[in-house]
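The values are calculated or read from the model by the stated rules, or taken from the named source; none is laboratory data. Treat the numbers as computed from the prediction; the structure is a model and nothing was measured. Don't worry about glycine lacking a Cβ; one is built from the backbone with ideal geometry, like all the others, and counts go over all protein chains shown.
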Amino acid sequence: MSAVWRAARAAVRRRRLQSVVIGLVVLCSTTTVMLALGLLDAVSAPFDQAFGRQHGAHVVATYDPAGVSAAGLAEA
């Protein structure tokens, strides 16, 4: 394994600009992912909080398939 690390360090020393560019791309992509996850959390939280304040759904409806036909259920 040490030979692999030695070869990798030698390649980084030879190609410093490419290594810096790759590092910047990885940094920017990580930052973008963290920003996106933060935005998703910020966007969904208000709806979850409002739903929690209302204590869930207002109406729960169940239908008996023996008492209602498919056409009658489609009209409702």
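Does segment 1-28 hold any residues that are polar (S, T, N, Q) and exposed (fewer than 10 other Cβ atoms within 10 Å of the Cβ), and which are they?
Scanning segment 1-28 gives a single hit, 2.
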Wholly enclosed helices (runs of 4 or more DSSP H) of the chain bearing at least 3 residues β-branched (Val, Ile, Thr) and modelled with pLDDT of 90 or more: 16-53
